[in-house]
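The values are calculated or read from the model by the stated rules, or taken from the named source; none is laboratory data. These numbers were taken from a predicted model, which means no experiment stands behind them. Positions of Cβ are generated from backbone atoms using ideal geometry, with glycine treated the same way; all protein chains shown enter the neighbour counts. Heads up: the accessible areas ignore ligands, DNA and RNA and are worked out on the full protein's heavy atoms, side chains in. Shrake-Rupley method; radii C 1.70, N 1.55, O 1.52, S 1.80 Å.
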Amino acid sequence: MFAFWGSTLTAQIIDGAAIAKRVRAQAAEGAAAMLAAGGARPGLAVILVGEDPASAVYVRNKVKACQEAGFHSVLETYDAALTQDALLARIAALNADPAIHGILVQMPLPKHVDPQAVIEAIAPAKDVDGFSIASAGELMTGLPGLRPATPFGCMTLIESTGVPIRGKHAVVIGRSNTVGKPMALLLLQAHATVTVCHSATPDLAAHTRQADIVVAAVGRRSTLMAGMVKPGAIVIDVGINRKDDGKLCGDVEFEAVREALGPNGWITPVPGGVGPMTIAMLLMNTLQAARAATK
Ligand code: GUN
């Protein structure tokens, strides 16, 4: 009705771009402190196989972020015809390279390469994507280790609200190995009561309406709509989809859900929410790997 009502009665926006900037500054400070103490410069190797244009943009951004944070970084790009054996040999060389603390092989890989074999070839101490069985096992058992960047970034966004996670009911929508499952484990480790919903969940809304925290990681727009949330909840939108007009959108109907959450709620936008956090957390993982390697 009145414009100012809209701004006072809708959920607060979690500014992922601003929070990512702060995390990247922390990574840069950490790297500078390591160097000042006579230690190594954190080093990340990024491998891209093939010519997927989206992947090319992602890896360039990762390397650029490293440079801006004062990290050492190398980008290795290979023709799509690179054999799996040749790729494994490169990973073995990087595993043995003391200037490299993190290794990231950009996914997806060409069809003739087995991604799991590639992930498992990376030394666990350098697995900055946190995709290996060793990293997944560390997360599962609550041991320290490298956490997958996207769910790690979501946790940082939730923590940024200042709302305690302990004792809250968190609903994760999606069960992928890269987001949904590690997200559920991170929330569990933070003492939330966790429900994981997925494509075979009969009544998604019945779960999300009970949730204090909802993480939508499905990859389908309009997965979470206004009637599906509780006022005051925190909504984290991991989805990156396109609307009919070509504009980016997440898994959440942003404006409607923002209103339904009310003034005590929190919500991440797309773009500018989870997206910028993934590179920031990759830098933190690389810094952590470098610190562990040079202890
Ligand atoms: N492709 C899309 N996202 C990712 C990621 O986080 N890591 C890797 N290695 N590949 C990706």
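Here are a few things to note about the model shown:
- Region 1-119: relative contact order in percent, alpha carbon pairs under 8 Å with at least 6 residues between: 29
- Once the C-beta distance of ASN61 and ALA99 is scaled by a Förster radius of 25 Å, the resulting FRET efficiency is 0.70 to the nearest 0.05.
- Restricting region 152-241 to trypsin sites (Lys or Arg not before Pro) that sit in a DSSP loop and have at most 10 other Cβ atoms within 10 Å of their own Cβ leaves ARG166.
- Solvent-accessible surface of region 236-279, averaged per residue with a 1.4 angstrom probe and all protein chains in place: 45 square angstrom.
- Across ILE133, ILE236, ILE14, mean-square fluctuation computed from a Gaussian network of the chain (C-alpha pairs under 10 Å connected) peaks at ILE133.
- DSSP-defined antiparallel bridges as percent of all bridges, the chain, nearest 5: 5
- The value of relative contact order for region 45-192, using C-alpha pairs under 8 Å at least six residues apart, is 18 percent.
- Relative contact order for the chain, counting Cα pairs under 8 Å that sit 6 or more residues apart, in percent: 24
- Temperature 37 °C, viscosity 0.692 mPa s: under these conditions the Stokes-Einstein estimate for region 89-140, based on its Kirkwood radius over C-alpha pairs, is 287 µm² per second.
- Remark on region 86-237: ratio of C-alpha radius of gyration to 2.2 N^0.38 Å is 1.18.
- Averaging over all projection directions, the Cα-based convex hull of region 37-156 occupies 8.2 nm² in the image plane.
- Order by protection proxy (mean Cβ within 10 Å, highest first), peptides 282-290, 83-91: 282-290, 83-91
- Kirkwood-based Rg to Rh ratio, the chain, C-alpha trace: 0.99
- At q = 0.18 Å⁻¹, base-10 log of I(q)/I(0) for region 246-293 (Debye sum, equal scatterers on each alpha carbon): -0.67
- Comparing mean-square fluctuations of THR178, THR161, THR141 from a GNM of the chain with C-alpha springs under 10 Å, the top value falls on THR141.
- Only protein atoms count toward the accessible area here, which uses a 1.4 Å probe; on the chain, the carbon and sulfur part of that area reaches 59 percent.
- Span from the region 76-112 Cα centroid across to the region 188-223 one, whole angstrom: 35
- Rolling a 1.4 Å probe over the heavy atoms of the protein chains gives region 180-226 an accessible area of 46 Å² per residue.
- Among VAL172, VAL74, VAL163, the residue with the largest mean-square fluctuation in a Gaussian network model of the chain, with springs joining Cα atoms closer than 10 Å, is VAL163.
- Between 0 and 90 degrees, the angle of helix 84-95 with respect to the longest Cα principal axis of the chain falls at about 90 degrees.
- Calculated accessible area for region 1-128 comes out at 51 Å² per residue, all protein chains present (probe 1.4 Å; ligands, DNA, RNA ignored).
- Lysine pairs meeting the criterion (Cα under 19 Å, 8 or more apart or interchain), as found in the chain: 6
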